[in-house]
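Student: What follows is a single structure, and I will ask about it in a moment.
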Amino acid sequence: MDLYRQVIDLIVTAPDRKPAGGLPRLLDSLFADLAADPSPRAVDDTESMIWSAWTSHPHPDAVDAMGRALRMMHAASFEVAERELDRLTASFPLWAEAWNKRATLLFLMDRDDDSVADIIQTLKLEPRHFGALSGYGQICLRRGDEAGALVAFEEALRIHPHLQSLREAVTSLNKRLGGTLN
């Protein structure tokens with residue numbers, strides 16, 4: 001099956017799928033907090049806690065490797081970061097954030113198909129991953145697939161309704177495409 005179709009299938013079924021075991025239980029209450037209408041400061045704090053939970057791991061070696069990969073990404077040492085993330089996804093294949101970070105890196109390297117393959121793994125493990133959904137939408141835009149971007153951005157907003165840049169993108173895409181697609 002086409003990679004891009006697989007992501008759309010994961011998006012469509014996301015509300016019915018549960019995250020993989022092993023994710024911190026705190027995430028459930030944090031996502032419930034996002035769905036409420038909190039203050040902007042509370043939204044920022046909640047989003048930071050979600051990212052912190054996603055990037056945490058019970059194995060200290062995994063956390064150290066993630067830190068090294070992120071430092072290499074920020075230093076634009078993409079090949080070194082990729083090797084580190086390759087090791088992470090091989091050693092900890094149930095860690096959604098390892099897949100997501102590698103998807104982000106591959107996007108930065110203009111390797112969209114490889115990035116989408118890792119987004120698929122991320123969304124299989126964590127269907128609420130608004131970062132992966134947003135990344136997929138960006139890939140769709142880069143490919144000229146505005147309808148795919150709209151589906152991804154709308155799903156990200158369903159999960160995290162306070163992402164203003166995505167809300168603006170959805171408004172713009174809706175105007176060009178003539179309405180929502182899902």
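The values are calculated or read from the model by the stated rules, or taken from the named source; none is laboratory data. Source: prediction; values computed, not measured. All Cβ positions, glycine included, derive from the backbone under ideal geometry; neighbour counts span all protein chains shown. Protein only, heavy atoms only, side chains kept; ligands, DNA and RNA dropped before computing areas. Shrake-Rupley method; radii C 1.70, N 1.55, O 1.52, S 1.80 Å.
Student: Among the residues of the stretch 82-94, is there at least one that is part of a loop (DSSP other than H, G, I, E, B) and without any contact (Cβ under 8 Å) to a residue 40 or more places away in the chain?
Tutor: Checked the stretch 82-94: at least one residue is part of a loop (DSSP other than H, G, I, E, B) and without any contact (Cβ under 8 Å) to a residue 40 or more places away in the chain.
Student: Considering each residue of the stretch 6-16, count those that are without any contact (Cβ under 8 Å) to a residue 12 or more places away in the chain and surrounded by 12 or more Cβ atoms within 10 Å (Cβ to Cβ), and give that number.
Tutor: Total satisfying the criteria: 1.
Student: Can Ala62 be described as modelled with pLDDT under 95 and open to solvent by less than 50 Å² (accessible area, probe 1.4 Å)?
Tutor: no
Student: Restricting attention to the stretch 102-110, does a residue exist that is closer than 24 Å to Pro24 by Cα, touching a helix residue (DSSP H, G or I) at 6+ places or on another chain (Cβ under 9 Å) and among the hydroxyl-bearing types (Ser, Thr, Tyr)?
Tutor: yes
The rows are residues; the columns are (1) of a type in the set (D, E, K, R); (2) within 29 Å of Ala75 (Cβ to Cβ); (3) in a helix (DSSP H, G or I); (4) open to solvent by less than 30 Å² (accessible area, probe 1.4 Å).
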residue: Ala103; (1), (2), (3), (4): no, yes, yes, yes
residue: Phe107; (1), (2), (3), (4): no, yes, yes, no
residue: Asp113; (1), (2), (3), (4): yes, yes, yes, no
residue: Gln138; (1), (2), (3), (4): no, yes, yes, no
residue: Glu155; (1), (2), (3), (4): yes, no, yes, yes
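Student: Scan the stretch 17-29 and report the pairs whose first residue is assigned to a loop (DSSP other than H, G, I, E, B) and whose second residue is of a type in the set (Lys, Arg) and modelled with pLDDT of 90 or more, with Cβ atoms within less than 7 Å and a gap of 6+ or a chain change.
Tutor: Pairs found: Pro19/Arg128.
Student: Moving on. For residues that are open to solvent by less than 50 Å² (accessible area, probe 1.4 Å) and hydrophobic (A, V, I, L, M, F, W, C), scanning just the stretch 45-59, find the one that is nearest to Glu97 (Cα to Cα).
Tutor: Checked the stretch 45-59; the qualifying residue nearest to Glu97 (Cα to Cα) is Trp54.
Student: Specify the residue that is nearest to Trp95 (Cα to Cα); the eligible residues are those in the stretch 24-43 that are open to solvent by less than 40 Å² (accessible area, probe 1.4 Å) and within 18 Å of the chain's Cα centre (by Cα).
Tutor: Leu27
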